[in-house]
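Worksheet for the structure shown next.
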Amino acid sequence: MRFTVPRRLAFGCLLIMLTGLPATAADAPAAWKAGVATAVITPQQAMWMAGYANRTNVSQGKFDDLHAKVLALEDERGGRMVFVTLDLIGIPRTMRKSLEARVEKAWQLPAGGLLLNASHTHSGPEFRVGRVPADDDNYKPSSLGDSYGRDLEDKLFALIGQALESRAPARLAYSSARCGFAMNRRLPTKSGYANSPYPEGPVDQSVPVLRVEGADGKLLAVLFGYACHNTTLALYQFSGDYAGYAQQYFEADHPGVTALFMLGCGGDQNPYPRGTVELAQKHGRALATAIEAALVTTLKAVNGPLRSAYGEIQIDYAPAPTREEFTTRLASKDKYEAAHAKRMLERLDKGEKLPTQYPYPVQVVRFGDVLTMVALGGEVVVDYSLRLKRELTGTAVWVAGYSNDVMGYIPSVRVLKEGGYEAGGAMRFSTTHPGPWAESVEERIVKQVHELNGKLAK
């Protein structure tokens with residue numbers, strides 16, 4: 001089933017003019033090499049869907065296909081970077097590590113040269129171990145979820161190879177625009193923070209765009225971002241949601257061009273209004289229009305060298321509840337809190353120790369003196385993007401969340417102190433996290449970003 005939305009329905013986009021030199025095919029040599037590859041990753045059979053805990057059934061067909069896309073870049077010195085974008089809820093750490101090892105062996109690509117980003121669509125399959133409803137005997141992760149994950153990894157490995165093998169002379173340029181449907185969702189109330197529209201809350205509505213054109217000046221690909229949950233839809237059909245429609249519309253308007261979406265720090269951002277396919281299409285058209293707006297601004301030519309760094313740091317959990325506290329929670333009226341307590345007690349009963357830290361991925365990519373890209377794991381709240389854009393100077397700054405490992409929400413100190421779903425409430429859905437993160441999480445992550453960026457800037 002496919003829907004189309006007239007361009008007149010696009011809304012919420014405002015152009016930002018950037019300073020810098022214009023970059024056109026005639027202005028600069030084709031100093032880069034670029035290659036792209038795309039594959040459909042829609043499940044071929046019914047599966048549990050990811051993202052909403054209250055779903056009671058498996059998928060029922062699709063609105064649109066889900067895609068995996070790869071953009072491979074190489075600078076004049078041979079420095080390479082591979083971007084992998086996925087119309088999926090997230091990337092498990094195990095998949096990142098396995099794929100990283102395979103790509104390094106096959107293509108001699110270091111860990112810093114591979115960036116995986118998930119759109120976080122809630123209309124995709126659930127394939128993460130331990131996330132499928134435990135009371136369903138027919139759709140356990142050990143069957144459909146596991147097989148889907150294995151096939152997906154193999155498909156991504158092949159796509160990376162295709163993109164690397166197809167590299168050809170290219171030019172890069174950067175610009176940005178704005179799009180207005182993202183809104184903060186942490187509404188302060190007398191009883192705490194509700195998941196509801198909060199227009200006064202912090203937001204990052206920028207749409208960063210990396211333009212990739214061939215030596216002939218023709219557009220080859222666009223890599224673009226936006227910081228907003230991919231949750232316009234809450235149905236039972238597979239869909240890339242607004243991000244999928246944005247890519248679809250832009251590619252339809254530019255035949256032969258590949259559009260790749262990277263989700264920003266949208267952990268506390270929702271698309272509004274929401275709830276229907278038509279609204280998802282409107283948001284997608286609005287975002288596609290924002291890309292068009294960025295491409296007609298003063299584009300800044302992107303030079304090399306291309307440098308990247310990847311590292312994992314240990315972020316701390318807050319002290320876990322005691323056995324007695326978990327036992328008390330078994331009687332909670334919140335069935336998810338009770339189920340989480342049961343899982344933690346089962347681990348304790350087996351003699352396991354609950355984790356006190358988690359290996360968190362941080363990645364920095366620098367495109368010469370023009371653009372710095374930061375890729376953070378998890379569902380990062382918008383505070384990180386706003387802060388890093390203030391603190392990282394000298395280049396344009398692009399901050400992506402949902403990269404390399406999506407293990408849960410990553411709140412800022414502000415959000416942790418305020419409380420609510422993103423601060424720790426969502427942890428009750430986890431099979432592994434004992435509770436919220438410690439307040440040190442923000443400073444530890446930001447410090448690592450600065451350290452990696454400092455090394456690359458030398």
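The values are calculated or read from the model by the stated rules, or taken from the named source; none is laboratory data. The model shown is predicted, which means the values in this text are computed figures rather than measured ones. Heads up, the Cβs are rebuilt from the backbone with ideal geometry, glycines too, and the neighbour counts pull from every protein chain shown.
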Of Glu379, Glu418, the only residue that is of a type in the set (Asp, Glu), touching a residue at least 12 places away in the same chain (Cβ under 8 Å) and in the same structural domain as Met262 (by TED's automatic domain parsing) is Glu379
For the range 351-363, state whether one or more residues are more than 23 Å from Ala318 (Cβ to Cβ) and either in contact with a strand residue (DSSP E or B) (Cβ under 6 Å, 6 or more places away or on another chain) or among the polar types (S, T, N, Q) (or both). yes
For the range 149-207, which residues satisfy the criterion of being of a type in the set (Gly, Ala, Ser) and part of a loop (DSSP other than H, G, I, E, B)? Ser166, Gly180, Ser191, Ser196, Gly201
Collect the residues in the range 396-434 that are among the small types (Gly, Ala, Ser), assigned to a helix (DSSP H, G or I) and closer than 16 Å to Gly377 by Cβ, keeping them in residue-number order. Ala426
Going through (1) among the small types (Gly, Ala, Ser); (2) under 30 Å from Glu442 (Cα atoms); (3) outside any helix (DSSP H, G or I) one by one, Ala338 fails only at (3)
When you look at Thr393, is it assigned by TED's automatic domain parsing to the domain that holds Phe261 and assigned to a loop (DSSP other than H, G, I, E, B), yes or no? yes
Considering (1) in contact with a Lys or Arg (Cβ under 6 Å, 6 or more places away or on another chain); (2) under 25 Å from Val397 (Cα atoms); (3) free of Cβ contacts under 8 Å to residues at least 60 places away in the same chain, say which one Val257 fails and leave the rest. (1)
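Determine whether the range 291-300 contains at least one residue that is under 20 Å from Asn117 (Cα atoms), part of a helix (DSSP H, G or I) and touching a residue at least 24 places away in the same chain (Cβ under 8 Å).
Here is the first cut: in the range 291-300, the residues under 20 Å from Asn117 (Cα atoms) are 291.
Among the residues that remain, those that are also part of a helix (DSSP H, G or I) are: 291.
Checking the rest, the ones that are also touching a residue at least 24 places away in the same chain (Cβ under 8 Å) come to 291.
So far as the range 291-300 goes, yes, one or more of its residues are under 20 Å from Asn117 (Cα atoms), part of a helix (DSSP H, G or I) and touching a residue at least 24 places away in the same chain (Cβ under 8 Å).
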Return the residue satisfying two criteria in turn: it lies in the range 236-283 and is of a type outside the set (Phe, Trp, Tyr) and touching a Pro at 6+ places or on another chain (Cβ under 6 Å), and of such residues it is nearest to Gln205 (Cα to Cα). His283
Condition test on Thr372, is it surrounded by 16 or more Cβ atoms within 10 Å (Cβ to Cβ) and either polar (S, T, N, Q) or touching a Lys or Arg at 6+ places or on another chain (Cβ under 8 Å) (or both)? yes
Unique residue being in a helix (DSSP H, G or I), among the hydrophobic types (A, V, I, L, M, F, W, C), surrounded by fewer than 21 Cβ atoms within 10 Å (Cβ to Cβ) and in the same structural domain as Arg80 (by TED's automatic domain parsing) when the list is Ala252, Ala280: Ala252
